[in-house]
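Asker: Here it is: the structure, laid out below.
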Amino acid sequence: MAIALGLVLASGMAHSIWNLFTKTSRNKTVFLWLIHLGGCAVFLPFLIHDISSGIPIEGYGLMAVTILFQMGYMYLLPIAYERADMSQAYPVMRGVAALCVPLLGIWIYDEYLTFAGWLGVAAIVAGLFAIGGLRLAGAGRRLAALWPILLVGVMITGYTLNDKMLLEYISPLSLIFVSNLGSVIVLFRSSIRSKAIRAEWSANWHSILIGTILSPGSYLLFLFAMKLGPVSQLAPIREISTVFGTLLGIWLLKEAHGRSRVLFAAVITTGIVTIGIWGT
């Protein structure tokens with residue numbers, strides 16, 4: 001379990017960094033399309049190998065479900081970041097998943113969390129929504145910003161739980177290709193029509209190359225962790241990425257409410273430590 005925890009913590013750091021790159025990119029849709037296109041190129045051989053070795057029909061069905069959830073996630077993510085600060089949108093997205101994955105994971109996979117573990121989940125969710133729920137100016141803006149953020153959380157919940165089952169049929173490396181494929185499909189049309197691919201590459205080629213490594217790499221670490229431990233425990237711990245993302249948004253992007261968000265990030269960290277030590 002210690003190895004799984006280490007993988008999840010590393011996953012959280014990598015995830016927060018590529019989300020920071022997304023927030024600071026010129027054209028977020030094009031940026032995301034380019035980094036996931038690169039991921040597809042890298043991981044396609046692993047899926048070809050698994051297909052040649054034989055995948056049951058159930059595996060193909062689960063792959064289709066993951067692609068659909070990833071398409072929804074990637075369609076909504078740029079919208080969410082256009083409408084709210086990174087240190088505000090990112091915690092709420094992750095908060096929805098941090099709450100829903102343990103609840104559904106225990107039901108679907110017959111997993112278990114101790115009372116202390118549930119207190120840790122509660123602390124994480126409370127901290128996430130406290131960070132993300134700081135006031136936006138105007139009720140109309142709050143509503144416009146909230147709906148895509150919440151739906152991103154639903155998509156994260158869906159593909160996380162589905163991918164736990166999919167790992168029974170394909171390798172984590174193949175699953176990364178499947179996940180990236182959904183993102184590439186949904187972003188293709190808008191990226192081409194934007195005519196901003198060359199400009200985005202010229203302005204941010206270094207961030208795109210790093211993102212091509214960190215985006216699939218962050219989830220790959222989590223997939224390896226899910227093969228070693230219960231998703232109901234590991235998924236909330238992965239929200240350490242929110243602590244990293246909040247600090248990066250405040251430090252590098254100079255986003256507002258820094259002192260309050262750091263306090264709430266400490267609450268999230270306390271919950272993560274509680275789950276890691278006393279969760280099972």
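Asker: Does residue 155 fit the bill of being buried (at least 22 other Cβ atoms within 10 Å of the Cβ), at pLDDT below 85, touching a helix residue (DSSP H, G or I) at 6+ places or on another chain (Cβ under 7 Å) and more than 17 Å from residue 233 (Cβ to Cβ)?
Answerer: no
Asker: Taking the condition of being modelled with pLDDT under 75 and within 23 Å of the chain's Cα centre (by Cα), how many residues in the stretch 259-275 meet it?
Answerer: 1
Asker: If residue 68 passes every condition in (1) surrounded by 23 or more Cβ atoms within 10 Å (Cβ to Cβ); (2) among the hydrophobic types (A, V, I, L, M, F, W, C); (3) within 17 Å of the chain's Cα centre (by Cα) but one, which one does it miss?
Answerer: The failed condition is (1).
Asker: Going by the conditions given, is residue 94 surrounded by fewer than 21 Cβ atoms within 10 Å (Cβ to Cβ), at pLDDT below 85 and within 18 Å of residue 152 (Cα to Cα)?
Answerer: When the stated conditions are applied, residue 94 does not pass them.
Asker: Here is a follow-up. Any idea which of 191, 202, 174 is in a helix (DSSP H, G or I), within 20 Å of residue 152 (Cβ to Cβ) and of a type in the set (S, T, N, Q)?
Answerer: Residue meeting the stated conditions: 191.
Asker: Mind checking which residues of the stretch 230-249 are at pLDDT 80 or above and either among the small types (Gly, Ala, Ser) or out of contact with any Ser or Thr (no Cβ under 8 Å at 6 or more places or on another chain) (or both)?
Answerer: Those that are at pLDDT 80 or above and either among the small types (Gly, Ala, Ser) or out of contact with any Ser or Thr (no Cβ under 8 Å at 6 or more places or on another chain) (or both): 232, 234, 235, 236, 237.
Asker: Is the stretch 98-107 home to any residue that is more than 17 Å from residue 163 (Cβ to Cβ) and crowded, with 19+ Cβ neighbours inside 10 Å?
Answerer: For the stretch 98-107, residues more than 17 Å from residue 163 (Cβ to Cβ) and crowded, with 19+ Cβ neighbours inside 10 Å: present.
Asker: Give the stretch 14-23 a look and list any residue that's over 11 Å from the mean Cα position of the chain (by Cα) and at pLDDT 85 or above, or say none.
Answerer: 17, 21
Asker: Determine if the stretch 35-56 includes at least one residue that is more than 21 Å from residue 197 (Cα to Cα), among the β-branched types (Val, Ile, Thr) and crowded, with 23+ Cβ neighbours inside 10 Å.
Answerer: Looking for residues that are more than 21 Å from residue 197 (Cα to Cα), among the β-branched types (Val, Ile, Thr) and crowded, with 23+ Cβ neighbours inside 10 Å, one finds none in the stretch 35-56, hence no.
Asker: Being over 17 Å from residue 70 (Cβ atoms) and not small (Gly, Ala, Ser) is the filter here, so list the residues in the stretch 198-213 that pass it.
Answerer: 198, 200, 201, 204, 205, 206, 208, 209, 210, 213
Asker: Can I ask one more? Can you find a residue in the stretch 250-258 that is touching a Ser or Thr at 6+ places or on another chain (Cβ under 8 Å), surrounded by 24 or more Cβ atoms within 10 Å (Cβ to Cβ) and either in a helix (DSSP H, G or I) or at pLDDT 80 or above (or both)?
Answerer: No: the stretch 250-258 contains no residue that is touching a Ser or Thr at 6+ places or on another chain (Cβ under 8 Å), surrounded by 24 or more Cβ atoms within 10 Å (Cβ to Cβ) and either in a helix (DSSP H, G or I) or at pLDDT 80 or above (or both).
Asker: Quick check: is even one residue across the stretch 65-79 touching a residue at least 24 places away in the same chain (Cβ under 8 Å), over 20 Å from residue 160 (Cβ atoms), outside any helix (DSSP H, G or I) and among the β-branched types (Val, Ile, Thr)?
Answerer: No, the conditions are met nowhere in the stretch 65-79.
Asker: Mind checking whether some residue in the stretch 142-150 is part of a helix (DSSP H, G or I), in contact with an Asp or Glu (Cβ under 7 Å, 6 or more places away or on another chain) and either under 15 Å from residue 239 (Cα atoms) or modelled with pLDDT of 65 or more (or both)?
Answerer: For the stretch 142-150, residues part of a helix (DSSP H, G or I), in contact with an Asp or Glu (Cβ under 7 Å, 6 or more places away or on another chain) and either under 15 Å from residue 239 (Cα atoms) or modelled with pLDDT of 65 or more (or both): absent.
Asker: Just checking, how many residues over the stretch 210-230 are assigned to a helix (DSSP H, G or I) and either among the charged types (D, E, K, R) or without any contact (Cβ under 8 Å) to a residue 12 or more places away in the chain (or both)? Break it down stepwise before answering.
Answerer: Going through the stretch 210-230, the residues assigned to a helix (DSSP H, G or I) turn out to be 210-226.
So of that shortlist, the ones also either among the charged types (D, E, K, R) or without any contact (Cβ under 8 Å) to a residue 12 or more places away in the chain (or both) come out as 213.
Of the residues in that region, 1 qualify.
Asker: Go through the residues of the stretch 2-25 one by one and say whether even a single one is more than 19 Å from residue 180 (Cα to Cα), part of a helix (DSSP H, G or I), among the polar types (S, T, N, Q) and in contact with a helix residue (DSSP H, G or I) (Cβ under 8 Å, 6 or more places away or on another chain).
Answerer: yes
Asker: How about the stretch 2-47: which of its residues are over 28 Å from residue 203 (Cβ atoms) and in contact with a Leu (Cβ under 7 Å, 6 or more places away or on another chain)?
Answerer: 3, 4, 7, 8, 10, 46
The values are calculated or read from the model by the stated rules, or taken from the named source; none is laboratory data. Only a predicted model underlies this, so the values are computations on that prediction, with no experimental measurement involved. So basically every Cβ, Gly included, is an ideal-geometry build from the backbone, and we count neighbours across all protein chains shown.
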